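First the structure, in the form of structure tokens, and then the observations on it.
The values are calculated or read from the model by the stated rules, or taken from the named source; none is laboratory data. Please read these numbers as outputs of a predicted model, since none were measured by experiment. Cβ placement follows ideal geometry from the backbone for every residue including glycine, while neighbour counts extend to all protein chains displayed.
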Amino acid sequence: ETPMDVDINNSETFLPTSQRSATSGASGMNKEEDMCAICMEPINNKLVLPKCKHEFCTPCIKKAMTYKPVCPVCQTVYGIQQGNQPEGTMSVDYIGDSLPGYENYGSIVIKYDMRGGIQTKEHPNPGMPYSGTRRTAFLPANEEGKEVLTLLQKAFNQKLIFTVGDSRVSGRSNVTTWNDIHHKTSMTGGPAMYGYPDPNYLKRVKQELKNKGIENN
């Protein structure tokens, strides 16, 4: 991930200090808990994060957000995360064949074509070449599968699906590899073969996407 600038003064993103009493009352925070988790000192010039309600010194959280736009306590994402995914394309097709566990639906076929190139300053070894990859993934063409597809497309546009690094499968370095958003690359075979049936997969991948700030508005 690359550092992001988050507008601490944006009233739509952060609650102002004046709302402290209502927030603190709702959370039941006592004096011992009223400490900044970043500097470990009593909170000064309090700022409340709107989603998770965690509270920090304004200067502390403002500095932390310039490195990574997440709550330091619970990792809730604020702002838009942008990854270091290399150049490539994502295409989508629909087929009539069904996936095990989703026999009443066709399937969504996602094809990624990621080109090789030279690593930039965002990658582990700037100036070194990296290899590309082609991957195919499958989703059921039901309502939840289409929802996941939309989220994956959003993640791809924010360069979060792939990264450059070491392959966990081959052990090779300087390759294009998945970036902790799991895909089903086989239609069958179950979890052991990265396929279906896997009744909890769609729920899991939505959580993985949410962890990177990708969710439905």
Scanning segment 187-203 for residues that are surrounded by 15 or more Cβ atoms within 10 Å (Cβ to Cβ) and of a type in the set (Ser, Thr, Tyr) gives Tyr194, Tyr196, Tyr201
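Residues checked against (1) modelled with pLDDT of 85 or more; (2) over 20 Å from the mean Cα position of the chain (by Cα); (3) farther than 30 Å from Asn157 by Cβ:
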site	(1), (2), (3)
Pro3	no, no, no
Thr17	no, yes, yes
Met29	no, yes, yes
Pro59	yes, yes, yes
Thr66	no, no, no
Ile80	no, no, no
Gln85	yes, no, no
Gly101	yes, yes, no
Only one of (1) over 20 Å from Lys210 (Cα atoms); (2) of a type in the set (S, T, N, Q); (3) touching a Leu at 6+ places or on another chain (Cβ under 8 Å) is not met by Asn179, so which one is it? (1)
Mind checking whether some residue in segment 136-154 is farther than 21 Å from Leu209 by Cβ and either assigned by TED's automatic domain parsing to the domain that holds Met187 or hydroxyl-bearing (Ser, Thr, Tyr) (or both)? no
Which numbered condition Ile118 misses (of (1) loosely packed, with under 14 Cβ neighbours inside 10 Å; (2) modelled with pLDDT under 95; (3) of a type in the set (A, V, I, L, M)): (2)
Among (1) more than 20 Å from the chain's Cα centre (by Cα); (2) among the aliphatic types (A, V, I, L, M); (3) closer than 30 Å to Thr185 by Cα, the one test that Leu47 misses: (3)
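Got a number for residues in segment 80-104 being farther than 30 Å from Gly127 by Cα and surrounded by fewer than 18 Cβ atoms within 10 Å (Cβ to Cβ)? Give the derivation first.
Kept after step one, since they are farther than 30 Å from Gly127 by Cα, are these residues of segment 80-104: 92-104.
Right, trim to surrounded by fewer than 18 Cβ atoms within 10 Å (Cβ to Cβ) and you get 92-98, 100-101, 103-104.
Going through segment 80-104 one residue at a time, the tally reaches 11.
Just to check your reading of the model, which residue among Gly171, Gly132 is of a type outside the set (Val, Ile, Thr), in the same structural domain as Tyr112 (by TED's automatic domain parsing) and in contact with a Pro (Cβ under 8 Å, 6 or more places away or on another chain)?
Values: Gly171 fails: in contact with a Pro (Cβ under 8 Å, 6 or more places away or on another chain).
Just a single option satisfies the conditions, and that option is Gly132.
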Would you point out the residue of segment 137-167, among those that are surrounded by fewer than 16 Cβ atoms within 10 Å (Cβ to Cβ) and in contact with a Ser or Thr (Cβ under 7 Å, 6 or more places away or on another chain), that is nearest to Ile95 (Cα to Cα)? Ser167
